[in-house]
Amino acid sequence: MKNLEHFIRELSETAGNTPDCLLQLLCAIQNRYSYIPARAVNLLAERLQIPPVQILSLVDFYSFLHRRARGDFDIRFSDNITDRMFGSVSLFNSLCKKLGVEPGQPRADGRVTVDLTSCTGICDQGPALLINGRVISRLSRARIHTMAGLIEAATPLASWPKQFFRVEDNIQRRDILLNPGVINSSAIEALARRGRDALLDELDDSGLRGRGGAGFRTATKWRLCRDAAADEHYVVCNADEGEPGTFKDRVLLNRYADDVFEGMTLCAGIIGAKQGFLYLRGEYLYLREALEKTLQKRRNSNQLGNTISGQPGFDFDIKIHLGAGAYICGEESALIESLEGKRGIPRNRPPFPVTHGYQNRPTVVNNVETFVAAGRIAVFGADWFRSAGMKTSSGTKLLSISGDCARPGIYEYPYGISIRQVLADCGASNTRAVQLSGAAGATIPAQEFDRKIAFEDLPTGGSFMIFNQQRDLLEMVQNFSQFFSHESCGFCTPCRVGGTLMRDLIEKVMVGHATRYDLQEMRNIGLVMQKTAHCGLGTTAPNPVLDTLEKFPDIYSKHLANRSYEPAFDLNASLEVARCITGRDDEGAYIRHEK
Ligand SMILES: Cc1cc2nc3c(=O)[nH]c(=O)nc-3n(C[C@H](O)[C@H](O)[C@H](O)COP(=O)(O)O)c2cc1C
Ligand code: SF4
């Protein structure tokens with residue numbers, strides 16, 4: 001801790017001593033010390049001339065920042081439903097027991113913490129965990145046993161078995177985007193040759209729509225941003241990839257980073273931006289070093305920097321900005337707040353980021369896959385892109401496939417592919433349901449497997465989780481409702497309160513205390529959330545509950561209590577304090593349930 005002052009001085013000077021960099025400074029401190037010491041808060045507050053409470057509010061907002069030391073081994077088990085399906089809960093309990101730790105609490109000797117975290121984006125190789133920011137995939141009893149031994153022996157991670165940390169790209173199906181023949185194509189050269197107006201028209205003709213979920217037309221977004229008058233414009237790549245079950249951006253960043261940066265540079269050339277940001281989720285910290293190397297390589301070959309590819313006035317560079325464990329920061333306006341060093345609370349919209357984004361300047365925010373596709377279109381043209389897909393869903397979509405199938409991984413398909421075909425290709429059989437587009441998406445029953453993945457039918461950001469007939473879908477709903485109540489930023493009441501009520505009601509169903517009244521209550525809460533929540537997280541959070549109530553009523557009805565009403569908490573237990581105070585223990589001091 002002696003060097004803390006020196007460390008913070010160096011850090012904040014490198015960052016330019018501005019509050020904008022606050023989150024990045026805190027991430028660096030957290031990574032070094034395993035927490036944010038109180039003294040660090042005061043030192044930072046002095047240097048950045050901001051109140052300490054502003055810093056503490058950030059520490060409390062982001063799940064990966066802590067006020068208490070987590071020890072030499074900071075472990076977080078991925079808690080997505082796919083991890084649970086393959087035994088993560090029992091592996092988690094087993095490690096806690098072997099190490100003698102209480103879940104989420106640093107051990108008495110302060111050396112280790114074992115905790116849970118939301119989906120880490122390794123669903124094809126789960127169960128998985130993060131340890132000091134690195135991934136251990138394919139967890140098994142044997143791995144947990146070895147890990148416990150290594151931790152007790154204080155073996156540094158650098159000496160742990162290399163295969164523990166192996167994460168495969170797992171690309172199972174390629175189409176036009178991932179075809180080896182199109183890799184590292186030069187969109188920047190195409191820009192120099194044809195000019196920005198022609199390329200923007202090409203992008204428009206291609207019909208490319210955003211791959212992050214909402215499907216907004218990319219050319220329209222870029223044009224609106226280019227036409228918004230301002231002294232600066234910005235490009236942001238949304239690599240937050242927090243939707244449970246999604247991991248295709250992880251693979252693009254790992255294997256196709258050059259293509260991602262190429263697409264961002266193309267966008268900068270078209271809209272006139274000088275600065276870009278890659279917003280990298282904290283769970284993907286382990287990808288950062290290689291990404292920085294790719295950026296440096298591009299600077300060395302004049303694909304970034306000043307006068308890019310010899311084009312006068314084309315100056316652009318990209319910074320990597322690390323997230324810190326907040327799903328809401330994938331929402332574009334929350335992401336921009338986070339980029340500015342604040343808590344990720346979604347902004348009021350309009351105005352939209354294309355006119356009022358980063359630093360209130362026009363900003364394009366696109367998904368990782370969107371940038372890759374845009375770069376390819378610049379080189380190969382709109383017709384090439386339209387040769388795949390459907391009329392209003394041109395091109396291909398990357399799917400992240402996980403759950404009950406023989407070959408999980410990344411699958412690239414032309415839009416229009418049916419759910420049934422995807423299931424056949426990845427070796428799924430006896431499938432009960434597919435959860436498409438993550439926790440906020442749609443639960444598709446078997447009778448709808450001929451529906452197509454396309455904006456016209458089933459739009460998706462790419463998550464495709466498979467559940468066979470043996471799975472209890474209520475466990476999936478429970479996992480998602482816990483996820484949403486944990487990830488709500490807390491800004492608006494419908495989501496903050498509604499999400500918690502929904503989670504508690506699902507738990508009430510699971511323990512067999514719910515009645516038909518509770519199911520109706522869940523529908524009512526869901527509708528209020530859909531209509532009144534401030535952002536997309538709250539409006540989509542009830543989807544899995546509402547969908548399964550309608551399409552899989554049996555998963556609820558088999559748990560229902562046979563009464564017309566059942567309280568959500570134990571009334572008798574709650575009255576115990578009153579009984580103690582009054583000294584009563586007679587019959588009248590207890591509540592009787594109707595039979
Ligand atoms: C709660 C929430 C989380 C989101 N997470 C992501 C994400 O992780 N990655 C992403 O690209 N878009 C995410 N989005 C959508 C973004 O707000 C935005 O629409 C997208 O980045 C735009 O890029 P695109 O047009 O290329 O799809 C999220 C939206 C919401 C409401
Ligand atoms: S809907 Fe939820 S995540 Fe969105 S602003 Fe409201 S509380 Fe925050």
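Read-outs: derived from the displayed coordinates by stated rules, not from any lab. On a predicted model such as this, the values are computed, not experimentally measured, just so you know. We place every Cβ from the backbone using ideal geometry, glycine too, and count neighbours over all the protein chains shown.
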task = For segment 118-133, just list the computed ³J(HN,Hα) in residue order, Karplus coefficients 6.51, -1.76 and 1.60, θ = phi - 60°, integers in Hz, with x standing in for Gly and Pro.
result = 5, 2, 9, x, 10, 5, 6, 10, x, x, 9, 8, 10, 10, 6, x
request  = Please give the contour-minus-distance gain from Asn468 to Ala153: 0.36 nm per residue of separation, less the Cα-Cα distance, rounded to one decimal in nm.
outcome  = 109.3 nm
inquiry  = Testing the spin-label approximation: label points 7 Å from Cα along Cα→Cβ at Ala198 and Tyr517. State their distance in nm.
reply    = 7.1 nm
key: Estimated distance in nm for a label pair at Ala69 and Ala406, the labels positioned 7 Å out from Cα along Cα-to-Cβ   = 5.2 nm
query = When the distances between all Cα atoms of segment 396-471 are binned every 10 Å from zero, what whole-number percent does each bin get?
reply = 21, 63, 15, 0
request  = Starting from the Cα coordinates of segment 474-557, work out the convex hull volume and express it per residue in Å³.
outcome  = 74 Å³
ask   = What residues have an amide H closer than 5 Å to that of Lys319, excluding those fewer than 5 places away on the same chain, when H is modeled at 1.01 Å from N in the peptide plane?
value = Gly276, Phe277, Leu278
ask   = FRET efficiency for Arg299 and Ala230, Cβ-Cβ distance as r, R0 = 22 Å, nearest 0.05?
value = 0.30
request  = Determine, from the Cβ-Cβ distance of Arg174 and Thr392 and an R0 of 22 Å, the FRET efficiency 1/(1 + (r/R0)^6), rounded to the nearest 0.05.
outcome  = 0.40
request  = Could you give the DSSP H helices of the chain that reach 20 angstrom or more along their long axis (alpha carbon positions) and whose average Kyte-Doolittle hydropathy is no lower than 1.0?
outcome  = 257-271
task = Describe numerically, in nm with one decimal, the distance between label points set 7 Å from Cα along Cα→Cβ at Thr500 and at Trp384.
result = 5.3 nm
request  = Taking amide H positions as placed in the peptide plane 1.01 Å from N, state which residues far from Asn468 in sequence (5 or more) or on other chains have amide H under 5 Å from it.
outcome  = Asp404, Arg432
inquiry  = Below 13 angstrom from the Cβ of Ala219, what's the summed charge of the other residues (Lys, Arg +1; Asp, Glu -1)?
reply    = 0
query = Using a Förster distance of 60 Å, how high is the FRET efficiency between Gln49 and Glu587, based on the Cβ-Cβ distance and rounded to 0.05?
reply = 0.35
note = The long-range amide H neighbours of Thr515, using H built 1.01 Å from N in the peptide plane and a cut-off of under 5 Å, are Ala561, Glu566
note = A student asked for the Cα radius of gyration and Dmax of the chain in angstrom ought to give 25.1, 90
ask   = Can you give the Rg to Rh ratio for segment 4-61, taking only C-alpha atoms and Rh from Kirkwood?
value = 0.90
key: Mean residue ellipticity (222 nm) of the chain, computed from DSSP H runs ≥ 4 via -39,500 (n - 2.57), nearest 500   = -12500 deg cm²/dmol
Pairwise centroid distance, computed over Cα atoms, of segment 437-479 with segment 227-285, Å = 27 Å
ask   = Okay, which of segment 64-81 sit inside 17 Å, backbone N to the point 7 Å along the Cα-Cβ direction of Gln105?
value = 67-71, 75
task = Could you work out how far the C-alpha centroid of segment 111-184 sits from that of segment 400-433, in angstrom?
result = 23 Å
